[in-house]
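The values are calculated or read from the model by the stated rules, or taken from the named source; none is laboratory data. In this text the structure is predicted, and so the values were computed from the model without any measurement. Cβ sites come from the backbone with ideal geometry, for glycine too, and all protein chains shown count toward neighbours.
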Amino acid sequence: MKPLTLITGLALSATLSGCSTFALPQPWEKGNLARPEMTFGGDALEQRYQQHIYTSKEAASGGSGIGGGGCGCN
Amino acid sequence: MKLRSLLLATLVAIAAPALALDAGQPSPALDVPGTQGQVNLAALKGKVVYVDFWASWCAPCKQSFPWMNEMQAKYGARGFQVVAVNVDAKREDADKFLAEVPASFTIGFDPKGDSPKRFQIKGMPSSVLVGPDGHVVKVHAGFRPDERKAQEDAIVAALALVK
């Protein structure tokens, strides 16, 4: 194995394992994520309208903000 | 091959333990400060306790409060108690919510989130119905209008066990 490949591999694995220390936010820790300013759009009504169209075209919903706390109960 | 095993190891390290609280298990401990003194689940043994986890930012939680008030008023005399544990990081958020949506049941505060972790909560809101023997009767995530009947039925069924 070339030394460069080895170094790259080691660096990559070190970077990747760093990710493991970031645990996903637990359902009860989504307070900040649920804030209106954490969504992409500006206007709530316009966003809702766009999301409605997107949802009907995509045949799947969710993933835009955490209004329902990620429980799927919206 | 090496890369694949490395990726696998990383995935395993990232994946959170997929545990879940099931009916029939003894309920985890709950001992948090509340609006009226300490809230201790063990002290409520003999009662049917509806442990609810809520936050001010959770929309269905807001809908669940009037229903929980109704259940408390309807079944409180038969040994039923709603214990709603707030998991907001900031107490002001919870207080603001409570000023808007009054609660006529026990409120606890767990800003650090130790108790939802112990109860292995999967979504907000979540409720755990604890029977008079201190064992879990029903675990439920979310709050939808069409599920109220089933939730109430579970409460009534558990109340039949109260001596």
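Apart from one condition, B:PHE80 fits all of (1) more than 13 Å from chain A (Cβ to nearest Cβ); (2) surrounded by fewer than 19 Cβ atoms within 10 Å (Cβ to Cβ); the exception is (2).
In region B:63-106, which residues are in contact with a Phe, Trp or Tyr (Cβ under 9 Å, 6 or more places away or on another chain) and of a type in the set (Val, Ile, Thr)? Scanning region B:63-106 gives B:VAL82, B:VAL83, B:VAL85, B:VAL87, B:VAL101. The single residue among B:PRO116, B:PRO111, B:PRO66, B:PRO102 that is out of contact with any His (no Cβ under 8 Å at 6 or more places or on another chain) and in contact (Cβ under 8 Å) with a residue 40 or more places away in the chain turns out to be B:PRO116. Examine region B:94-108 for a residue that is in contact with a Lys or Arg (Cβ under 7 Å, 6 or more places away or on another chain), more than 10 Å from every other protein chain (Cβ to nearest Cβ), under 23 Å from A:LYS30 (Cα atoms) and not in a helix (DSSP H, G or I), and state whether such a residue exists. Among the residues of region B:94-108, at least one is in contact with a Lys or Arg (Cβ under 7 Å, 6 or more places away or on another chain), more than 10 Å from every other protein chain (Cβ to nearest Cβ), under 23 Å from A:LYS30 (Cα atoms) and not in a helix (DSSP H, G or I), which makes the answer yes. Going by the conditions given, is B:ASP88 within 14 Å of chain A (Cβ to nearest Cβ) and modelled with pLDDT of 85 or more? Taking the combined requirement at face value, the residue satisfies it.
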